[in-house]
Amino acid sequence: MNPQYRLYKVKHPASLLNRYIHLDICLINGLRCRYVNVDATRINEVLFGLEQVVSRYDISTIEIMSELRQICRGLHPILCRCIYASVRELLTPKPKMYEGLFITVSGIDKAGKETQCFNPNKLEGVVSIQSLLKAYGYRVYAISLPSYDSLLGSLVGAYLGRSDIRHKITITGKIDDDLAWILWSLDRGQYAGKISNWLKDRNVAILTKRWTESNLAYQAAKGIDPSRILRFERNIPQPSLTLIIDIPVEEVLRRASKPDLYEQSRGYLEEVRRMYFKLVENGLIGAAVIVNGLGRPEDVNRRLRAIISHVVGRK
């Protein structure tokens, strides 16, 4: 067997799917990618080609697959399969209305998204949104993005220079800032079909930490036109409600274990925060609430729970 591959039997028991999990959708045909070296010049060409294909409306499935094979030639075969799977979802129209509930929690770095969504450190007085939704009787599917357990999420992690990625990917060279946003869209795209199916059930709630709005805010702050992202992600299901936990950048620096790293990007974070407000004001992300993220975690939690309780009570 090629040393780059390992065989796995993949099972997702129903009991597991009701927990906080990273859905490793890119375990395709039982093969997992262990080590991948990606040339940035080649990835730039691939990302450019993908934007041209996915942004088109007048292309057949046969044409798409033919073009994808050309676009992705030379990439690791399992990475190609993951890209193919995500692109299929990005090009497949999804219903605009769903029976289930879809909530996204977003905000700039250190806003407390992880704590409020999942409370992994079991902070006293904090009822995680996941637990709250379960208490309301929902079957909860939770996704945290970027999904570093998946191959496409690991590609995002490699771009960000993170070490906590499941698939060991290295990138040689620099990915173009004008194209890098597509990495996040591909990561999100791989979940689109499953989310669309789950939301057909009114007893299901999807909870995501970050979604399209995060890509829009962070990339628009770099000068990327939001319309490019919205067009690329037009077939990805969008939340019923987006909760944006808002804190000033001064609070980010106070909370950070290495504030110097954030101080270097202070101006960028200020712009990201401004973009979140602009997205809400312009109605680009549907129903959204900006929540005051200052104060103790339990105080922020009470604000979030009040909003969710109001929304659930209306369904």
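The values are calculated or read from the model by the stated rules, or taken from the named source; none is laboratory data. On a predicted model such as this, the values are computed, not experimentally measured, just so you know. In this analysis, Cβ positions are derived from the backbone assuming ideal geometry, glycine residues included, and neighbour counts consider all displayed protein chains.
Is there a residue being in the same structural domain as Asp39 (by TED's automatic domain parsing), surrounded by fewer than 20 Cβ atoms within 10 Å (Cβ to Cβ) and free of Cβ contacts under 8 Å to residues at least 40 places away in the same chain anywhere in the stretch 128-140? First the steps, then the outcome.
So in the stretch 128-140, the residues in the same structural domain as Asp39 (by TED's automatic domain parsing) come out as none.
No, the stretch 128-140 contains no residue that is in the same structural domain as Asp39 (by TED's automatic domain parsing), surrounded by fewer than 20 Cβ atoms within 10 Å (Cβ to Cβ) and free of Cβ contacts under 8 Å to residues at least 40 places away in the same chain.
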For the stretch 281-299, indicate whether the set of residues that are in the same structural domain as Gly137 (by TED's automatic domain parsing), under 30 Å from Glu99 (Cβ atoms) and touching a Gly at 6+ places or on another chain (Cβ under 8 Å) is non-empty.
no
Answer yes or no as to whether Ile143 is in a strand (DSSP E or B), out of contact with any helix residue (DSSP H, G or I) (no Cβ under 7 Å at 6 or more places or on another chain) and among the hydrophobic types (A, V, I, L, M, F, W, C).
yes
Checking Gly49, Gly30 in turn, the sole residue that is at pLDDT 90 or above and either surrounded by fewer than 17 Cβ atoms within 10 Å (Cβ to Cβ) or on the phi < 0 side of the Ramachandran plot (or both) turns out to be Gly49
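May I ask you to say which residue of Ile245, Ile175, Ile171 is buried (at least 21 other Cβ atoms within 10 Å of the Cβ) and touching a residue at least 40 places away in the same chain (Cβ under 8 Å)? I'd like the intermediate steps shown before the answer.
Numbers: Ile175 fails: buried (at least 21 other Cβ atoms within 10 Å of the Cβ); Ile171 fails: buried (at least 21 other Cβ atoms within 10 Å of the Cβ).
Only one candidate qualifies: Ile245.
Considering only residues that are farther than 23 Å from Ala205 by Cβ and in contact (Cβ under 8 Å) with a residue 40 or more places away in the chain, look in the stretch 280-314 and name the one that is surrounded by the most Cβ atoms within 10 Å (Cβ to Cβ). Break it down into steps so the answer makes sense when it comes.
First, the residues of the stretch 280-314 that are farther than 23 Å from Ala205 by Cβ: 281-284, 292, 294-296, 299.
From the residues that got through so far, the ones that are in contact (Cβ under 8 Å) with a residue 40 or more places away in the chain too are 284, 292, 294, 296.
Numbers: Leu284: 19, Asn292: 11, Leu294: 12, Arg296: 11.
Looking at residues that are farther than 23 Å from Ala205 by Cβ and in contact (Cβ under 8 Å) with a residue 40 or more places away in the chain, I get Leu284.
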Restricting to the stretch 48-91, give me the number of residues that are within 20 Å of Trp181 (Cα to Cα), out of contact with any Lys or Arg (no Cβ under 8 Å at 6 or more places or on another chain) and not in a helix (DSSP H, G or I).
2
Of the conditions (1) in a loop (DSSP other than H, G, I, E, B); (2) closer than 26 Å to Lys258 by Cα; (3) touching a residue at least 60 places away in the same chain (Cβ under 8 Å), Cys117 satisfies every one except a single condition; which number is it?
(1)
Run Tyr276 past the list (1) surrounded by 14 or more Cβ atoms within 10 Å (Cβ to Cβ); (2) out of contact with any Ser or Thr (no Cβ under 8 Å at 6 or more places or on another chain); (3) part of a helix (DSSP H, G or I) and report the number of the one that doesn't hold.
(2)
Quick one: Tyr84 ticks every box in (1) out of contact with any helix residue (DSSP H, G or I) (no Cβ under 7 Å at 6 or more places or on another chain); (2) not assigned by TED's automatic domain parsing to the domain that holds Lys258 bar one, so which box is it?
(1)
Among the numbered criteria (1) among the hydroxyl-bearing types (Ser, Thr, Tyr); (2) in contact with a helix residue (DSSP H, G or I) (Cβ under 7 Å, 6 or more places away or on another chain); (3) free of Cβ contacts under 8 Å to residues at least 40 places away in the same chain, which one does Ser154 miss?
(2)
Answer yes if at least one residue in the stretch 61-75 is of a type outside the set (Asp, Glu), touching a Cys at 6+ places or on another chain (Cβ under 7 Å) and buried (at least 18 other Cβ atoms within 10 Å of the Cβ), and no otherwise.
yes
